[in-house]
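The values are calculated or read from the model by the stated rules, or taken from the named source; none is laboratory data. Small disclaimer: the values here were computed from a predicted structure and weren't measured. Cβ sites come from the backbone with ideal geometry, for glycine too, and all protein chains shown count toward neighbours.
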Amino acid sequence: LPYPTVPEPTPQARSFLSTLPPPLRVVLKPRRGHAGLRVGLASSEPQARHMVETLLAERVSLDTEAEGGALCQEVLEGEEWVVDTVSRAGEHKCVALWRYGKGEANGAPFVNFYDELRPCAGEGEERLVRYALAASSRDRERAGI
């Protein structure tokens with residue numbers, strides 16, 4: 001079933017947009033998406049509203065149990081890192097560390113140029129892994145897992 005559309009951004013989304021510095025650059029994506037599909041960049045509130053309506057109009061997640069929804073995020077400049085983890089019995093382990101090279105190309109705002117598997121050695125990498133593992137623990141506690 002299609003999700004209902006929303007004619008106006010929620011007060012929470014409108015409040016968030018008002019905190020961003022001009023010029024507006026906001027990432028909109030499915031709440032439970034995959035592989036970067038349907039991730040977009042809006043530069044105005046009307047454009048953001050249209051993108052949210054499009055995201056809510058049809059299911060984009062393979063997870064049939066997932067609620068629909070759209071995420072609105074500030075654009076952060078800089079390198080993107082991903083920490084792959086596994087958890088068992090409350091213990092979290094880093095299994096891989098990736099650095100992504102992304103940028104604008106051919107009119108698309110987020111093009112993946114490379115995914116680079118990185119060693120977990122080095123002061124910056126170790127800090128990043130510690131942060132991700134601590135965040136994973138906090139998220140699991142909040143969820144009651």
So is residue 95 over 30 Å from residue 43 (Cα atoms) and touching a residue at least 12 places away in the same chain (Cβ under 8 Å) or not? no
Pairs returned, first residue in the range 102-124 that is farther than 13 Å from residue 81 by Cβ, second residue that is β-branched (Val, Ile, Thr), beta-carbon separation under 7 angstrom, 6 or more apart or interchain, are 103/111; 104/111; 105/111; 110/39
For residue 22, which of the numbered conditions (1) part of a loop (DSSP other than H, G, I, E, B); (2) modelled with pLDDT under 85 fails to hold? (2)
Taking first residues from the range 13-40 that are within 16 Å of residue 53 (Cα to Cα) and second residues anywhere that are of a type in the set (Phe, Trp, Tyr) and part of a helix (DSSP H, G or I), the pairs with Cβ under 9 Å that are 6 or more apart or on different chains are 26/16
Tell me whether the range 59-67 contains one or more residues that are out of contact with any Lys or Arg (no Cβ under 8 Å at 6 or more places or on another chain), surrounded by 14 or more Cβ atoms within 10 Å (Cβ to Cβ) and at pLDDT below 85. yes
Go through 101, 78, 124 for me and flag whichever is assigned to a loop (DSSP other than H, G, I, E, B), of a type in the set (Gly, Ala, Ser) and under 28 Å from residue 20 (Cβ atoms). 78
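On the given criteria, is residue 88 free of Cβ contacts under 8 Å to residues at least 40 places away in the same chain and over 28 Å from residue 37 (Cβ atoms)?
Criteria met by residue 88.
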